[in-house]
């Protein structure tokens, strides 16, 4: 049994939330991957902002030796946003089961919602997580 499976994980207040904002740079558009495509906000960039918001929502409630890592995403990208637009992403903790956290996430530009869904993260200790990640797989 690993030390993380025996460890008591902090209880994070349900409703903990965070918002991030960014002006869309050209490298965050799908045209950065393929110039034949339009210069609109890419789904991976939107998801990245949602993940950052989720991590920042709970970080103040974690001991210094703990962080969260992404484990799953369920997100719909609903509308396009052009390069140069100010976009935002919010995450709100809706559930915790031990080390597993579930967030409701949303992204928007101007007055429209451009994405929404759920992000799942796990509380880990970076030292043991890094050791597991670099261990040879069977």
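Summary table below
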item: Filter pass, residue 42 being over 14 Å from residue 121 (Cα atoms) and touching a helix residue (DSSP H, G or I) at 6+ places or on another chain (Cβ under 6 Å); result: yes
item: Pairs, first on the phi > 0 side of the Ramachandran plot in the range 36-54, second modelled with pLDDT of 95 or more and buried (at least 22 other Cβ atoms within 10 Å of the Cβ), C-beta under 7 Å, six or more apart; result: none
item: Residue in the range 63-84 that is assigned to a strand (DSSP E or B), over 18 Å from the mean Cα position of the chain (by Cα) and closer than 30 Å to residue 38 by Cα present; result: yes
item: Residue tally, condition in contact with a helix residue (DSSP H, G or I) (Cβ under 8 Å, 6 or more places away or on another chain) and exposed (fewer than 15 other Cβ atoms within 10 Å of the Cβ), over the range 45-68; result: 1
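The values are calculated or read from the model by the stated rules, or taken from the named source; none is laboratory data. Please read these numbers as outputs of a predicted model, since none were measured by experiment. Every residue, glycine as well, gets a Cβ built from its backbone with ideal geometry; the counts of neighbours run over all protein chains shown.
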